[in-house]
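Presented below is the structure to which this report refers.
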Amino acid sequence: MPPTAAELIRELPLGPLVDHHAFALVTEEEPLTWARETVRRLLQDRTDQTRIDDAVLVATELLTNAIQHAGGAVALTLDLYEKGVTVGVEDGGRDTTVIPTASENLLAGLQDDTIGTAEEEDLPEGGRGMYLVSAFSTGWSVEPASEGKIVTAAFCLAGSAA
């Protein structure tokens with residue numbers, strides 16, 4: 001199980017909290033588009049474009065997971081730190097045990113002799129989201145929240161303008 005958000009923030013060199021944004025998503029007609037635009041806007045001039053793209057990708061993955069597996073996202077939070085940012089997505093799901101934590105799960109359905117030569121189309125269509133979150137963020141966590149659970153990804157922002 002990943003660390004809690006508090007443990008994650010404590011372990012990373014994010015610096016002091018600069019700004020906190022919390023958004024209810026239940027009224028958003030296009031939550032993915034809205035979230036991508038919002039994350040880009042809030043991170044503009046704080047870091048380089050590559051890191052902004054990483055945060056947008058991760059926010060999109062977290063929201064997509066909430067929509068597909070937990071009946072929709074309830075809230076999006078962005079906490080801006082002196083040297084980093086956290087993106088959190090709260091949803092109504094309460095089961096935190098189904099979130100994959102090891103990349104071996106992607107290859108579970110393949111025969112041993114085909115794993116080394118597997119093409120992208122041989123891999124399962126779903127199940128890659130949290131691996132992308134893990135690969136593109138500095139760290140991530142999942143924990144119970146008032147409405148269900150919250151999955152939080154943290155980013156150290158190299159070249160941060162803050």
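Residue count for region 20-49 satisfying the condition of being surrounded by 12 or more Cβ atoms within 10 Å (Cβ to Cβ) and touching a residue at least 12 places away in the same chain (Cβ under 8 Å): 15. With respect to the stated conditions, Thr60 fails to be at pLDDT below 85, within 25 Å of Glu7 (Cα to Cα) and polar (S, T, N, Q).
In region 66-89, is there at least one residue being touching a His at 6+ places or on another chain (Cβ under 9 Å), under 16 Å from Thr152 (Cα atoms) and not aliphatic (A, V, I, L, M)? Looking through region 66-89, at least one residue is touching a His at 6+ places or on another chain (Cβ under 9 Å), under 16 Å from Thr152 (Cα atoms) and not aliphatic (A, V, I, L, M).
Among the residues making up region 1-45, a single one is in a helix (DSSP H, G or I), over 16 Å from Leu63 (Cβ atoms) and of a type in the set (Val, Ile, Thr): Ile9.
When we screen Leu42, Leu8, Leu12 for residues that are in contact with a Cys (Cβ under 9 Å, 6 or more places away or on another chain), closer than 14 Å to Phe155 by Cβ and not acidic (Asp, Glu), the only hit is Leu12. When region 52-78 is examined, which residues are found to be among the polar types (S, T, N, Q) and either surrounded by 20 or more Cβ atoms within 10 Å (Cβ to Cβ) or not in a strand (DSSP E or B) (or both)? Listed by number, the residues that qualify are Thr60, Thr64, Asn65, Gln68.
The values are calculated or read from the model by the stated rules, or taken from the named source; none is laboratory data. All of these numbers come straight from a predicted model, not from anything done at the bench. Reconstructed Cβ throughout: ideal geometry from the backbone, glycine too, with neighbour counts over all protein chains shown.
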